[in-house]
Amino acid sequence: MQSSLSWIESRSPWPTDGFGLDRMRELLRALGDPQRRYPAIHVVGTNGKSTTTRTIEALLSNEELNVGAYLSPHVRGWSERIRIGGAEADFEQVIERVRPYAEGATQFEILTAAALTAFADAGVDVAVVEAGLGGRHDATNVLDTRVVVLTNVALDHMEVLGSTREEIAQEKLAVVQPDTVVVLGDREWEALALSNGAARIDVPGMSNLALAIAAAEAFLGREVDPHAADRVVLPGRLERRGEAPLEIWDGAHNLAGLGYLLPRLPAREDWVVVASILEDKRPELMLEALSVLGPTLVASQSSNARAIPAGDLAARAEPYFRDVLAIADPGQARAQARALAGPQGAVVVTGSLYLLAELSAAGAHA
């Protein structure tokens, strides 16, 4: 019999018969509808969801609540995705709990059901749940939601969510239930949230911390200590991996993500960029944005089916970079970039969380 880890890795992340909630609801019914046993804070948006989710978790945990948190994707290991009481859950155990009921479900549906069931088994006081894709048809749109957080809206997953920011926002805010509080990063979406039944709108600003504080306080009905979030660190988010050369990993996987990353990198003009980019992420615009960092790109390729082949990515990068190499293997690409940078240089590895996850799995270290 396959191990739980091998089994979940073998499952397709995408539905073969279209997006929808029927499979998810059927799976949860078989498990006794665990998601009905606790209230939830639902985090949707284009970027910043994982950081916001972890920050809300920290703020509520500091208030002596037993908190479940569900995130995606992971960088260092699958167990990052499901957290209970401030620690990672036993991943093999929580997957085995739902496996007998999940044969027809997708990978993400199984992971979501495992998380929601584990939260019920642990008797959490609240679950903080990050949506996977959009909202309306996402497997997470089954919660007893008290607070919805919309971090931001940018053009991403347009083949599924729509071709404009307005259409994408409609899909994300479809998770709003009657009488929920909605926390927005941008007042632009206030009318849409109200039309979906929001009881109250809070617009604290676009920073992940401000959104998390507003969400935690909306849930509790009282102020929280913002310093409880000081120690929240996520792998693959402006993560320093070495000093000689300086090496930073960041999973910015779309243009808006790069817009956040670029001004936060140390100012210098000699970055060597290692990147893998998915085909549906407007790669030419991402490459042009990355070119401000320095003249050298090492094009790599994660194992995700949508990843642009390294040679193709390199060809597309040539108008924007002086020196372009194509090295498909992520580990070899990173090693070459470090050699090119030298001890006094700098390397940034970006474009895809899948790339970072594969480097982590392979044991990449400084």
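The values are calculated or read from the model by the stated rules, or taken from the named source; none is laboratory data. Being a predicted model, the structure only gives us computed values, none of them experimental. Neighbour counts are summed over all protein chains in view; Cβ atoms, including those assigned to glycine, are modelled from backbone coordinates with ideal geometry. Please note that ligands, DNA and RNA were not included when accessible areas were found on the heavy atoms of the full protein model with its side chains. Shrake-Rupley method; radii C 1.70, N 1.55, O 1.52, S 1.80 Å.
Does region 296-366 come out rounded, prolate or oblate, given a ≥ b ≥ c as the square roots of the eigenvalues of its C-alpha gyration tensor, rounded meaning a/c under 1.5 and, failing that, prolate meaning a/b above b/c?
Oblate is the answer for region 296-366, as a/c is 1.5 or above yet b/c matches or exceeds a/b.
How many percent of the alpha carbon pairs in region 130-231 exceed a separation of 21 Å?
Of all Cα-Cα pairs in region 130-231, 32 percent lie more than 21 Å apart.
What fraction of the Cα pairs in region 223-366, stated in percent, has a spacing above 19 angstrom?
Pairs farther apart than 19 Å: 46 percent.
Calculated FRET efficiency, residue 121 and residue 159, Cβ-Cβ r, R0 30 Å, to nearest 0.05?
It comes to 0.25.
Cα convex hull of the chain: how many Å³ per residue?
Roughly 132 Å³ of hull volume per residue.
Between region 326-366 and region 30-73, what is the C-alpha centre distance in whole Å?
Computed from Cα coordinates, the inter-centre distance equals 31 Å.
Nearest 20 debye, what's the magnitude of the dipole of region 1-124 about its Cα centre given +1 on Lys and Arg Cβ and -1 on Asp and Glu Cβ?
For region 1-124, the charge dipole is close to 180 debye.
Quick one: putting +1 on the C-beta of Lys and Arg, -1 on the C-beta of Asp and Glu, what dipole do you get for region 72-185 around its Cα centre, in Debye to the nearest 20?
Computed charge dipole of region 72-185: roughly 140 debye.
Among 102, 277, 297, whose Cα lies farthest out toward the positive end of the dipole of the chain, if unit charges sit on the beta carbon of Lys, Arg (+1) and Asp, Glu (-1)?
Projecting each Cα onto the dipole axis, the largest value belongs to 297.
Using the Kirkwood radius built from alpha carbon pairs, what does the Stokes-Einstein equation give as D for region 63-209 at 10 °C and 1.306 mPa s, in µm² per second?
97 µm²/s
Stick to Cα atoms and the Kirkwood definition of Rh, then tell me Rg/Rh for region 1-63.
1.04
Percent antiparallel among DSSP beta bridges with both residues in the chain, to the nearest 5?
That works out to approximately 20 percent antiparallel.
Do you know the relative contact order of region 232-300, to the nearest whole percent, from alpha carbon pairs under 8 angstrom that are 6+ apart?
29 percent
Can you send over the carbon and sulfur percentage of the accessible area for the chain, probe radius 1.4 Å, protein chains only?
Its accessible area is 48 percent carbon and sulfur atoms.
May I ask you to give the solvent-accessible area per residue for region 256-366, in square angstrom, as obtained with a 1.4 angstrom probe?
Spelled out: the 1.4 Å probe surface of region 256-366, per residue, equals 42 Å².
Once you charge only the Cβ atoms, +1 for Lys and Arg and -1 for Asp and Glu, what is the size of the charge dipole of the chain about its Cα centre, to the nearest 20 debye?
My answer is approximately 220 debye.
With Rg and the Kirkwood Rh both taken from Cα atoms, where does Rg over Rh land for region 118-180?
1.02
Using alpha carbons only, how many angstrom separate the centre of region 155-192 from the centre of region 91-131?
Computed from Cα coordinates, the inter-centre distance equals 25 Å.
Could you tell me which helices of the chain pass both thresholds, a Cα extent of 15 Å or more along their own axis and a mean Kyte-Doolittle hydropathy of at least 1.6, with helices taken as whole DSSP H runs?
Once both thresholds are applied, what remains is 208-220.
Mind checking the full-extension length gain between residue 223 and residue 240? Use 0.36 nm per residue of separation minus the Cα-Cα distance, one decimal, nm.
2.9 nm
Give me the 1.4 Å probe accessible area per residue for region 1-112, excluding ligands and nucleic acids, in Å².
43 Å²
Tell me, what HN-Hα J-couplings in whole Hz come from the Karplus equation 6.51 cos²θ - 1.76 cosθ + 1.60 at θ = phi - 60° for each residue of region 258-268, using x for Gly and Pro?
5, x, 7, 5, 4, x, 9, 6, x, 5, 6
Do you know the relative contact order of the chain, to the nearest whole percent, from alpha carbon pairs under 8 angstrom that are 6+ apart?
16 percent
Taking θ as phi - 60°, what are the ³J(HN,Hα) couplings along region 223-238 by the Karplus curve (6.51, -1.76, 1.60), each to the nearest whole Hz, with x for Gly and Pro?
Using θ = phi - 60°, the values come out as 6, 10, 8, x, 5, 5, 8, 4, 9, 6, 9, 10, x, x, 10, 6 Hz.
What number, in percent, do you get for the relative contact order of region 30-133 if the mean sequence gap of Cα pairs under 8 Å and at least 6 apart is divided by its residue count?
Computed over region 30-133, the figure is 44 percent.
Based solely on its DSSP helices, what 222 nm [θ] is calculated for the chain when runs of n ≥ 4 H residues each add -39,500 (n - 2.57) and the sum is averaged over all residues, nearest 500 deg cm²/dmol?
-10000 deg cm²/dmol
Just 164, 46, 112 to compare: in a GNM of the chain, with alpha carbon springs under 10 Å, which one fluctuates most?
Checking each option, the largest mean-square fluctuation is seen for 164.
Determine the equivalent ellipsoid of region 145-198 by diagonalising the alpha-carbon gyration tensor, then write out the semi-axes as square roots of 5 times the eigenvalues, largest first, rounded to whole Å.
Three semi-axes, in Å: 19, 11, 9.
Using a Förster radius of 56 Å, what is the FRET efficiency between residue 194 and residue 344 based on their Cβ-Cβ separation? Nearest 0.05, please.
That pair, residue 194 with residue 344, gives E of 0.55.
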